[in-house]
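Colleague: Just dropping this structure here.
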Amino acid sequence: MSVSIALVAVAVVALGSAPPAAAAPGGRVQLQQPIRMVDTRSGAAPSRVTSYPLGSGLLHVWFTDPAAAGSATLHRCNQPPGAVPLVVFEASETVYAKVIADNSCLTMSTPTHVVVDAIGSIEAVPTGTRLQYVPLNMPSKVFDGMLPSPSGASVSSTPIDVGPVPSVARAAVVLIEASDPVMAGFLRIQPCQVPSLFVDVAWSNDRAVGVAYVDLTTGPICASHRGEAGVRLTVLGHLSVDGPDPMRLPPTLTAPAVPTRLPGLRAVTPVRLVDTRDGTGVAAAGKLGATQTLELTIAQAAASTTGVALNVTVTAPEAEGFVTVYPCDQQRPKVSNLNFVAGETVPNLVNVRLSVTRSVCIYAQRTTHLVVDLAGTFEAGGGAGVQPVAPVRLLDTRKPIGVPSIAPVPSGQVVTLQVAGVGGVPASGVSAVTMNVTVTEPERAGFVTVYPCDRQRPTASNLNHEAGQTVPNLVSVRVSAAGTVCLYAQQTTHLVADLAAWYSVDQDDGYRALPPERVLDTREALGVPGIAKVTAGGTVVLQVAGRVGVPVTGATAVTMNVTVTEAEGDGFVTVYPCDTPRPEASNLNHDVGETVPNLVTVRLAANGTVCLYAQRTVHLLADVAGYFTETTEIRNMARLS
């Protein structure tokens, strides 16, 4: 869990908000080398405390080794604690905070050790020898990237250019955001030539945030750190001898509780990001080498974007293998998104969280061409909420369903499919749908593109196929103003589409991306009682809620990458909520002996299960990639004050 404050974004705009009740009303600052004032870990009778008087001044406070998860609140000693915590913490961890104290006390919700260092003094008179805070008109990001882990337990230093420094400035006020750490660690910012045991922020396995007051008078600045993490450093302003507000104090952080909606989907008209066949999105045309990784920066990602929906296609691989897509600031997981044999073309939709540098990594086990199309983004506090449904068939040109007559779609033609008002989708207010689209009985090798009918057909594909091949793929697509989506077939083929979910800004369900983790593997008795194939006509009841990061309650649906392998005949697999009848729909279609993956969005049954029906005897694998929930999370968000 988070070391300091669980945060989605730091509210830099809160600089003008009211200060905490215990803060000094104003004054000028004199920085100093840290002086240890208090350490409840030392002395004749060290003990954790639930309250402590701080007095006055500019302080650096540690909360370390708390007995349980809790919070600390700063308040005037003659007043009760307020509702807004200074920090929140987990059991046994260490949290750091800058404090502007004015006859202030700390009250903790659980016993913890407290360490207090005085780093400056404050006087309530505008003397010229002291410093005032002068904020920048626009905060300046001076570093944004991964800080690599040094070898062993050593501390590494990275030079930091803090940008233009006004002649009257003596110190910089820097916001530190650490996210997606690979290992526990810490960071401090100080002059490169000045040794210090001071720590500005620490992290374990989640995000952390802090503020540093950095002396600019003694040479270049360095970020000293231990433990690999993504770090963003933003200069908020300076402590200066002159400025417009002579009594303005520097900002500190608090951790108010904020109801937070999980990210919603913003479907887009597909955009091609990578095509290694013609050099799109890469330095030069050419296959990605075996065991190589392509780092793809998503230029379309906004500050609010937490993840992306990508249609990833492997084509012309030179040997049997797999592809894994993951955030670049995490270690590659031991799961796959696409499996293929030599010469095969395989597409799959991938929902993946963005790294701190707004990138995703694509690892290829074997030498292959890659094609990547952006299908949508997941937006924090925005986008459309999901309404998962039991699978419903919307289109089948073999029946006919969704079309006037039984016939394959001719080459170069488009099916206009009405989705709004059909299959349980509302007639209005729908922004996008997720469908499992299948091409079957194609006459030649080609592709299918799914897109909003009120937009031009993009240079992108959702499914690629060979002659006679049956290929499924999950598709998230924006709905046109008329409530339609269009399916273009390059070659003559039958098309099938099964609804999995629809999206609306009126829906509250947001998406929580998870590190991919396997929940089912019939080859290893994972998720099933023993090692054995699922027999023809058999169904696996898979418990998902309460496993691999999916909550026991509150999750309405999950996304899973489901793979069929070692199939003993041509057939299909259907994934559906166990509390509904098995629908006339399929999620994966396969030939004998084939390995086929496909992303599946499936509603959870009331008991947290999903069912996987196999028409033929096969092995099945499932990797959970995330879940949808209507629960609004209460998070302590870092806020500058």
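Read-outs: derived from the displayed coordinates by stated rules, not from any lab. Predicted, not measured: the structure shown is a model, and the values here were computed from it. Glycine gets a Cβ as well: all are built from the backbone with ideal geometry, and neighbour counts include every protein chain shown.
Colleague: Can you work out the base-10 log of I(q)/I(0) for the chain at q = 0.08, 0.10, 0.11 1/Å, using the Debye formula on its C-alpha atoms alone?
Modeller: So the normalised log intensities are -0.66, -0.92, -1.04.
Colleague: Let me ask something else about it. Quick one: if the Förster radius is 60 Å, what FRET efficiency do Arg457 and Ala184 give, using the C-beta to C-beta distance and rounding to 0.05?
Modeller: Details: r = 49 Å, r/R0 = 0.82.
According to the calculation, E is roughly 0.75.
Colleague: Can you tell me the FRET efficiency between Ala536 and Thr291 if r is taken as the Cβ-Cβ distance and R0 is 35 Å, rounded to the nearest 0.05?
Modeller: 0.45
Colleague: Based only on other Cβ atoms within 10 Å, what is the fewest-to-most ordering of Thr553, Thr269, Thr459?
Modeller: Thr553, Thr459, Thr269
Colleague: Provide the convex hull volume over Cα atoms per residue for the range 513-635, in Å³. Show your work: numbers first, answer last.
Modeller: On the way: hull volume 11.5 nm³, N = 123.
Spelled out: Cα convex hull of the range 513-635, divided by residues, is 93 Å³.
Colleague: Would you calculate the volume per residue, in Å³, of the smallest convex hull containing every Cα atom of the range 399-462?
Modeller: 119
Colleague: Please name which of Leu526, Pro583, Leu599 has its Cα lying farthest along the dipole of the range 492-641 towards the positive end, using unit charges on Cβ (Lys, Arg +1; Asp, Glu -1) and the Cα centre as origin.
Modeller: Leu526
Colleague: Sticking with this structure for a sec: What is the distance in Å between the Cα centroid of the range 413-489 and that of the range 84-145?
Modeller: 54
Colleague: A further question follows. Quote to one decimal, in nm, the extra length available between Thr609 and Glu466 on full extension: 0.36 nm per residue of separation minus the C-alpha distance between them.
Modeller: Result for the pair: 48.0 nm of gain on full extension.
Colleague: Calculate the dipole size of the range 12-255 relative to its Cα centre from +1 charges on Lys and Arg beta carbons and -1 charges on Asp and Glu beta carbons; express the result in debye to the nearest 20.
Modeller: About 340 debye.
Colleague: Principal axis extents for the range 259-383, Cα atoms only, whole Å, descending order, please.
Modeller: Rounded to whole Å, the extents work out to 49, 29, 21 Å.
Colleague: If the cut-off is a Cα-Cα distance under 28 Å, which lysines reach Lys334, setting aside same-chain residues fewer than 8 apart in sequence?
Modeller: Qualifying lysines at Cα under 28 Å: Lys287, Lys533.
Colleague: Counting other beta carbons within 10 Å of each residue's own, what order do Ile122, Ile221 fall into, fewest first? Numbers along the way, then the final one.
Modeller: On the way: Ile122 20, Ile221 23.
Placing the least packed residue first, the sequence is Ile122, Ile221.
Colleague: Would you order Val274, Val392 from fewest to most other beta-carbon atoms within 10 Å of each residue's own beta-carbon? Write down the numbers at each step before the final one.
Modeller: Values: Val274 22, Val392 17.
Listed from fewest to most nearby Cβ atoms, that is Val392, Val274.
Colleague: A follow-up question, please. Could you grab the relative contact order for the range 384-508? Cα pairs under 8 Å, six or more apart, rounded to a whole percent.
Modeller: Relative contact order comes out at 43 percent.
Colleague: Here's something else I'd like to know. Roughly how large, in nm² to one decimal, is the mean projection of the convex hull of the alpha-carbon atoms in the range 454-579?
Modeller: Taking a quarter of the hull surface, the average projection is 11.1 nm².
Colleague: Computed over the Cα atoms, what is the radius of gyration of the range 108-237 divided by 2.2 N^0.38 Å, N being its residue count? The partial results should precede the final answer.
Modeller: On the way: Rg = 15.8 Å, N = 130, 2.2 N^0.38 = 14.0 Å.
Against the empirical 2.2 N^0.38 Å value, I get 1.13 for the range 108-237.
Colleague: Over the chain, calculate the relative contact order: mean separation of alpha carbon pairs under 8 Å at least 6 apart, over the residue count, as a percent.
Modeller: With pairs under 8 Å counted, the relative contact order is 14 percent.
Colleague: Regarding the range 384-508, what is the average projected area of its C-alpha convex hull, in nm²?
Modeller: Values: hull surface 27.5 nm².
Answer in nm², one decimal: 6.9.
Colleague: Moving to a separate point now. So, in Å, what gap is there between the alpha-carbon centers of the range 220-263 and the range 40-75?
Modeller: Their Cα centres are 22 Å away from one another.
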